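Have a look at the structure below, then the notes.
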Amino acid sequence: MDDRTIDRVFSGCLVEELPPVSSKIVRIFTSSTFTDTALERNTLMAEVYPKIKEYCREKHGLEFQVVDMRWGVRDEATDDHMTTELCMREIINCQRLSMGPNFVVFLGQKYGYRPIPTIIMASELIMLKETLVQMGVDTYLLDLWYKKDTNAVPNVFILQPISTILLNFNNKRVPKLQSQDQAIWWDTLNKMQKLLRKAVHTCFLNGQVDHDAMHNYFMSVTEREVINGVLNVENTKAHCLAYVRSDINNINLQNIKKASNFIDIINRGIDQEASRLLGNLRDERLPNKIEATNMQKYTVEWMGREGISSDTHEEYLSGFLAHFYKNITKLVDRAMRKEDSSAQGVIVTEILQHLHACNGSVKVFYGREHSLELGKEYILGPSDKPMILYGQGGCGKTSLLAKIAAMCFEWIKSTPLLILRFLGTTPDSSALTPMLISLCQQISYNFMLPMEDIPDDLVPLTAHFKNLLTYGSVDQPLLVFLDSVDQLTGASGANKLTWLPSKLPKYCKIIISCVYEPNDDEISADYLLLRRILDDEKAFLEVTSLGEQLATVVIRR
């Protein structure tokens, strides 16, 4: 970031395009098949994820999140065949948001669920159906379940939601009917899988489609995740981990029900096609792409009734958990070392987060012309009191405060210094002392004052902050916007708002927002305290709910 950009950030400039903000999140997508890695994933959730979460928060001020799509994908997602699409979207989200690691794959001896495509190019499905007809195969099922979308360019066929044809698929009120329709669907899916694979394989042999197009009809959800999370990624060393349990020795195939949790079974035997596809992914393509240091391999013994359990595989689990914790924290540390960890770099990141949040709120702001006019009158007028936006939770105080802040660059002829914080949204805006230090750092930078002079203790810090407010001038008025002051921790009772001046110096304006619930004095404590401190009705602006008419406009836009 060049010096001019840094200056713009410190001045709170919202007029020009903002540089991207460094992520404050570690968000990893965990990819696996459902049943064969349940033990590992459950143990991670219970014993390791909380420790990583604490590590990220305490050492780096980061939030740790895990996306495990094998739990909690609702029935409706199955109904409209959105499971795979949801997984792909979440992988993109993790890659976009995460600081450091963003994708972890667990592979065993199971290739996993292989859905049929939800969307097929019209020209391709027509070719497949023509191929089946030439082979003397009835295409009734494909005609029933795939409907042409002529609005798409080029045209596509879309697999219809299950409940539009099997009406009781989601009917939880009549379990017997639901069970019947679900059984019909899984039988239908199996038949359509065979039809499509038979047709596309013939087309491949005839040179009508390439291998990738054919493989699309054979691919598991897990492989598709690995392709998007690892194989198509440039820097796997910084972002990806793989845990491969390549073999369970002495797996008991006599107990088909238990064995099917760990290996693909078809017709009471091993699914050789699935094994071949898994072997290609697990043993060839994945190791060729991911860094060797980021891939860990295991072999375990089939033991007891469960095959693999916490009781019989304590040593394996212990090593796996330790390695996972070490690798995730290593990637987080490596990512953070590349960040600007200087005092200036930290405050730049802090300011940017709030400026981006302001722009996000302003993009979806409509109406409230009267409130904006009152905000303009306050900013340009002679008032020497802070302005308080108050109202019930969810009424729109944050959006209004953000809009007033953004409009200041149009209202004021000179160049204002904008200090903006959405309190409670970052570690340094959640507690009173770090928040005041952050405000003092931003003001000090703009007026070329030494940051070393900023006190750490609250009492001298408050005095220092109030003194810095006097540095505003006619050429650079000082505007401070603090949203949700009730979110601040670190002080209580009458001391909680002693940092806020009851009378402002010239060329300084402060707008803060707080919640007010008429029948709840505890929630409204900060509002009631502000009423006693300021004792000026003109300093308070109530933010009411949108109302039906404006709410309708917002929804339409």
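The values are calculated or read from the model by the stated rules, or taken from the named source; none is laboratory data. Bear in mind that the values here come from a model prediction, so they are computed numbers and not experimental data. For neighbour counting, all protein chains shown are included, and Cβ atoms are generated from backbone atoms with ideal geometry for every residue, glycine included. SASA here: full protein model, heavy atoms, side chains in, ligands and nucleic acids out. Shrake-Rupley method; radii C 1.70, N 1.55, O 1.52, S 1.80 Å.
Quick look at the values:
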read-out: Dipole in debye (nearest 20) - the range 1-148, about Cα centre, beta carbon charges: Lys, Arg +1; Asp, Glu -1; value: 300
read-out: Selection from Val364, Ser318, Leu479 lying farthest towards where the dipole of the chain points positive, charges on Cβ; value: Ser318
read-out: Rounded tilt (10° steps) of 432-446 against the dominant C-alpha axis of the chain; value: 70
read-out: Where a label projected 7 Å from the Cα of Asp247 along Cα→Cβ would reach, residues of the range 290-307 with amide N under 15 Å; value: 297-302
read-out: At most 16 other Cβ within 10 Å, DSSP loop - GluC sites (Glu not before Pro), the range 1-46; value: Glu16, Glu17
read-out: Dipole-positive endmost among Leu417, Leu195, Leu374 within the chain (Cβ charges, Cα centre); value: Leu195
read-out: Dipole magnitude of the range 119-216 about its Cα centre (Cβ charges: Lys, Arg +1; Asp, Glu -1), debye to nearest 20; value: 460
read-out: Equivalent ellipsoid, the range 343-556 (semi-axes from 5 times Cα gyration tensor eigenvalues, Å); value: 26, 20, 17
read-out: Two-site label geometry, Asp311 and Asp384: point separation in nm, points 7 Å out along Cα→Cβ; value: 7.8
read-out: Hypothetical label at His201: residues of the range 111-128 whose amide nitrogen lies under 17 Å (7 Å Cα-Cβ projection); value: 114-117, 128
read-out: Nearby aspartates and glutamates by direct alpha-carbon distance to Lys237 (threshold 19 angstrom, same-chain neighbours under 8 apart not counted); value: Glu225, Asp283, Glu284, Glu291, Asp333, Glu339
read-out: Simple Cβ-charge dipole of the chain, Lys/Arg +1 and Asp/Glu -1, about Cα centre, in debye nearest 20; value: 820
read-out: Relative contact order (%) - the chain, alpha-carbon pairs under 8 angstrom, separation at least six; value: 16
read-out: In nm, spacing of pseudo-spin labels at Asp149 and Thr188 (7 Å Cα→C-beta vector); value: 1.9
read-out: Acute angle (nearest 10 degrees) that the helix 458-468 long axis makes with the longest principal axis of the chain, alpha-carbon atoms; value: 70
read-out: Accessible carbon and sulfur surface of the range 119-216 relative to its total accessible area, %, 1.4 Å; value: 56
read-out: Packing rank of 438-447, 389-398, 117-126, where each peptide gets the mean count of other beta carbons within 10 Å, highest leading; value: 438-447, 389-398, 117-126
read-out: Å² per residue, accessible surface of the chain at 1.4 Å; value: 49
read-out: Residues with amide H under 5 Å from that of Arg245, placed H, sequence gap 5 or more; value: Leu107, Gly108, Tyr298
read-out: Positive-end residue of Cys508, Leu432, Asn467, charge dipole of the range 430-557 with Cβ unit charges; value: Cys508
read-out: For Asp483, net neighbour charge (Lys/Arg +1, Asp/Glu -1) across residues whose Cβ lies under 9 Å away; value: +2
read-out: Accessible surface of the range 343-556 [probe 1.4 Å, protein heavy atoms]: carbon and sulfur percent; value: 51
read-out: Distant-in-sequence amide H partners of Ser31 (H built 1.01 Å from N, under 5 Å); value: Val104, Val105, Phe106
read-out: Total formal charge among the other residues, if their Cβ is under 15 angstrom from that of Leu436, Lys/Arg +1 and Asp/Glu -1; value: -2
read-out: Alpha-carbon centroid distance for the pair the range 353-430 / the range 261-331, whole angstrom; value: 53
read-out: Under 5 Å, built H, 5+ apart or other chain: amide partners of Phe64; value: Val26
read-out: Those residues of the range 178-217 whose amide nitrogen sits under 13 Å from the label point placed on Gln134, 7 Å along Cα→Cβ; value: 199-209
read-out: Estimated [θ] at 222 nm from DSSP helical runs (n ≥ 4, -39500 (n - 2.57)) normalised by residues in the chain, nearest 500; value: -13000 deg cm²/dmol
read-out: Nitroxide proxy distance, nm - points 7 Å out along Cα→Cβ at Glu47 and Ser123; value: 5.5
read-out: Degrees, to the nearest 10: 175-205 long Cα axis against longest axis of the chain; value: 70
read-out: Computed lengthening from Glu377 to Glu54, 0.36 nm per intervening residue step minus Cα-Cα distance; value: 111.7 nm
read-out: Partner lysines for Lys257 [C-alpha distance under 24 Å; skip if fewer than 8 residues away on the same chain]; value: Lys110, Lys176, Lys191, Lys194
read-out: Charge sum, other residues only, whose C-beta stays under 15 Å from Lys496's C-beta, Lys/Arg counted +1 and Asp/Glu -1; value: -2
